[in-house]
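These notes concern the structure reproduced below.
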Amino acid sequence: MNGPASGIKQAVSTSPSVIEASRLGLTFETGDGLVHALSDVDLSVGKGDFVSFIGPSGCGKTTFLRVIADLERPTAGTISVNGMTPAQARQKRAYGYVFQAAGLFPWRTIERNVGLPLEIMGYAKTETERRVRASLELVNLAGFAKKFPWQLSGGMQQRASIARALAFDADLLLMDEPFGALDEIVRDHLNEQLLELWARTSKTICFVTHSIPEAVYLSTRIVVMSPRPGRVTDVIESTLPRERPLDIRESPEFLAIAARVREGLRAGHSYED
């Protein structure tokens, strides 16, 4: 791969580490043989980073998020989350997870969907109500607490899903392509709102996407991954300002970062399969 484009720096996080992966690998055994999902992944995510993972389908982006969340167990290397194992981090509720689909129960109101994890965790009713109110305000859904999911648009349902992940106030937010099924106009709006949320809360966010513009617009750092077995082929630090209007996507600086992401995807792609 060619060297970094002018004005774009290789990322070295100086913030306290939230996630540390070293030579991380994951191999699945299936009826068709072994599947090498991740190989030799070395990555550090600092506190307050907004890190996007981008790569072709099957490159291990979601798998890496699932390893962080202790939903998958690595077969090689090491990973820590806030200095703990993923299992310990899960037990301490150290992260919130937003899936591709909102996953709201249609028979529960929005406030009761958002409060479900708190109910399961045994929070008192008054504390659950307080946290639900605060979370809905963060995603601009305060006026929709009594509505049911089917009464909300797809974008609003995803915001409710984010509120649910925020309800127990974990410092780390894992987001697996949450806006992928939405139309471009709604997606742009939610991108803006997510940046505002990140600015207000200072949470560390790990975000999976297939969209180059989305990755560049949202992130402080962009992790480019190769097809299976998933490897990190480039880590790019964004030089864009933290306040980003949508029209920044037409700026030369934005386009230069997007070009480097595209180059990394092209260089890491295999056409043999």
Towards the positive end of the charge dipole of the chain, with charges on Cβ (+1 Lys, Arg; -1 Asp, Glu), say which of Ser226, Leu116, Phe50 has the farthest Cα. Leu116
Suppose every K and R has +1 on its Cβ and every D and E has -1 on its Cβ; what is the size of the dipole of segment 104-169 about the Cα centre, in Debye to the nearest 20? 160
Can you work out the FRET efficiency for the pair Ala87 and Ser153, with r the C-beta to C-beta distance and R0 = 35 Å, to the nearest 0.05? 0.45
Given charges at beta-carbon only (K, R positive; D, E negative), |dipole| of the chain in Debye: 800
Give me the angle, in degrees from 0 to 90, between the Cα long axis of helix 125-138 and the longest principal axis of the Cα atoms of the chain, rounded to the nearest 10. 50
Cross-link table Lys146/Lys203; Lys61/Lys147; Lys47/Lys147; Lys61/Lys125, entries beyond 32 Å C-alpha to C-alpha: Lys61/Lys147; Lys47/Lys147; Lys61/Lys125
Could you compute how fast the chain diffuses translationally, taking Rh as the Kirkwood radius over C-alpha pairs and applying Stokes-Einstein at 20 °C with viscosity 1.002 mPa s? Give it in µm² per second. 111
Say a site is exposed when it is one of the GluC sites (Glu not before Pro), sits in a DSSP loop, and has at most 16 other Cβ atoms within 10 Å; what is then the longest site-free stretch of the chain? 1-242
To the nearest 20 Debye, how big is the dipole of segment 123-255 about its Cα centre, given +1 on the beta carbon of each Lys and Arg and -1 on that of each Asp and Glu? 640
Can you sort Leu197, Leu255 by how many other beta carbons sit within 10 Å, fewest first? Leu255, Leu197
Would you be so kind as to identify which of Thr78, Ala21, Gln88 lies farthest towards the positive end of the dipole of the chain, taking Lys and Arg as +1 and Asp and Glu as -1 on Cβ and the Cα centre as origin? Gln88
So how much slack lies between Arg266 and Thr30, counting 0.36 nm per residue of separation and subtracting their Cα-Cα distance, in nm? 82.1 nm
Over all directions, how big on average is the projection of the convex hull of the alpha-carbon atoms in segment 71-199, in square nanometres? 8.9
Counting only trypsin sites (Lys or Arg not before Pro) that sit in a DSSP loop (anything but H, G, I, E, B) with at most 14 other Cβ atoms within 10 Å, what is the longest stretch of the chain containing none of them? 147-241
What whole-number value in cubic angstrom gives the convex hull volume per residue for the C-alpha atoms of segment 104-169? 71
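Where a number appears in this text, it was derived from the coordinates with a stated rule and is not lab data. Here the structure is a predicted model, which is why all the values come from computation and not from measurement. Reconstructed Cβ throughout: ideal geometry from the backbone, glycine too, with neighbour counts over all protein chains shown.
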